[in-house]
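Right, one structure below, let's go through it.
Just so you know, all these numbers are worked out from the coordinates, no wet-lab data involved. Quantities reported herein were computed from a predicted structural model and do not represent experimental measurements. Note that each Cβ is placed from the backbone with ideal geometry, even for glycine, and that neighbours are counted across all protein chains shown.
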Amino acid sequence: MIEEENRKRPTAHEVGMALDAMSVEELEQRVTLLEGEIVRLKAAIAARGDTRKAAEAAFKF
């Protein structure tokens, strides 16, 4: 138990990081975190597409 308490917990997720020391609960939390980040990234991509379409329409003669 002491070893588990002394184990340094990562504060952020890094792609490719070791997962073997994480509990199922910690892994589920990471999945939730990453799913939220995917939604945010897709929204940013959509916004960029909308901006590009608007710019193309403005410069179309």
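Across the stretch 18-61, counting alpha-carbon atoms alone, Rg and Dmax equal 18.4, 60 Å. Loop-located GluC sites (Glu not before Pro) in the stretch 11-61 (DSSP state other than H, G, I, E, B) with a sparse environment of at most 12 neighbouring Cβ atoms within 10 Å: E14.
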